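No value in this document is a laboratory result; all are computed from the given coordinates. Source: prediction; values computed, not measured. FYI the Cβ positions are ideal-geometry reconstructions off the backbone, even for glycines, and counts take in every protein chain you see.
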């Protein structure tokens with residue numbers, strides 16, 4: 001197992017959140033750790049960081065549960081054992097290179113500096129978590145060299161393909177602004193299926209407490225018929241289960257027979273109709289839900 005080390009200042013807010021978010025993906029090759037440039041040894045994760053992770057139902061990695069986190073200073077031993085080291089900001093990365101020059105080749109920094117939320121309210125911690133989640137998504141893609149598979153979406157590399165598929169798939173497509181707002185929302189999750197290095201499909205969904213909701217799922221018309229929709233929906237359901245959701249809801253056009261067939265295959269139940277919900281053309285929405293406690 002390779003180690004990726006996240007480093008901030010005190011190792012109670014940003015770096016343990018990065019560690020928790022990375023480890024939540026249960027990567028089979030990599031595991032995250034964290035430390036601080038000026039950390040005291042033995043402090044717990046800050047309340048704000050813990051509240052943000054819990055509010056977003058970030059899954060606990062059994063090998064390294066974030067509730068058990070204890071701060072530690074970055075040391076030569078930590079640097080030597082890590083395969084990659086990420087400073088939460090450029091300042092952290094530069095300080096690491098100055099203190100550990102013989103490890104400079106493994107030191108990186110996030111693409112955008114993440115301000116310290118220490119002492120701020122829960123809303124700031126949630127914004128910080130969303131920003132860190134975006135950076136973790138980029139790192140995962142770099143580690144995997146964009147190999148075929150399902151990954152968290154990255155706005156910079158995926159949004160053009162997502163918008164193209166969206167406009168090819170729906171008569172009333174989401175706007176770019178809607179997608180960007182969803183990617184920045186800490187309770188909304190976005191995944192893409194990469195095939196031959198390109199986005200072949202995507203899904204956007206949210207989790208709030210025990211309720212999950214599937215907002216949007218689509219497959220590139222040129223990639224349909226290969227089970228990608230099934231793969232994406234399976235990933236959504238699995239993630240909802242890991243986050244302890246009890247139900248997953250969605251709405252679908254009454255005339256969208258293929259989508260309704262996919263949802264019924266997964267066990268979704270029809271629970272009602274929202275009259276004239278869709279436009280262009282006007283059509284009812286079928287409300288469906290999947291009881292996750294039976295999965």
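Bridges between two residues of segment 2-144, per DSSP, are antiparallel at a rate of about 5%.
Across the chain, the mean sequence separation of Cα contacts (distance under 8 Å, 6 or more residues apart), normalised by length, yields a relative contact order of 13 percent. Segment residue 156..residue 51, full-extension length gain: 35.0 nm, with 0.36 nm per residue of separation and the alpha-carbon distance subtracted. In this structure, residue 247 and residue 284 have a Cβ-Cβ separation that, at R0 = 25 Å, corresponds to a calculated FRET efficiency of about 0.70. Per residue, the average separation of C-alpha pairs within less than 8 Å and at least 6 apart gives segment 2-144 a relative contact order of 29 percent.
Using the beta-carbon distance between residue 111 and residue 176 and R0 = 22 Å, what value does 1/(1 + (r/R0)^6) give for FRET efficiency, to the nearest 0.05? All intermediate terms of the calculation are to be shown ahead of the outcome.
Values: r = 20 Å, r/R0 = 0.91.
After rounding to 0.05, the efficiency reads 0.65.
By the gyration tensor of its Cα atoms, with a ≥ b ≥ c the square roots of the eigenvalues, what is the shape of segment 1-61: rounded for a/c under 1.5, prolate for a/b over b/c, or oblate? Here segment 1-61 falls in the oblate category.
Full extension of the chain between residue 40 and residue 209 gives 57.5 nm of extra length, using 0.36 nm per residue less the Cα-Cα distance.
Volume per residue of the convex hull around the Cα atoms, evaluated for the chain, comes out as 132 Å³.
Just the number, please: percent antiparallel of the DSSP beta bridges in the chain, rounded to the nearest 5.
65 percent
At full extension, residue 293 and residue 145 could sit 49.7 nm farther apart than now, given 0.36 nm per residue minus the alpha carbon distance. What the Cα convex hull of segment 149-294 gives, in volume per residue, is 109 Å³. Once the Cβ-Cβ distance of residue 234 and residue 124 is raised to the sixth power relative to R0 = 41 Å, the FRET efficiency obtained is 0.75.
Taken along its three principal axes, the alpha carbon spread of segment 2-144 comes to 40, 32, 27 Å, from the longest extent down to the shortest. Cα centroids of segment 147-177 and segment 195-273: how far apart, whole angstrom? Measuring centre to centre over Cα atoms gives 15 Å.
In this label model, residue 185 and residue 168 are separated by 2.6 nm, measuring between points 7 Å along each Cα→Cβ vector.
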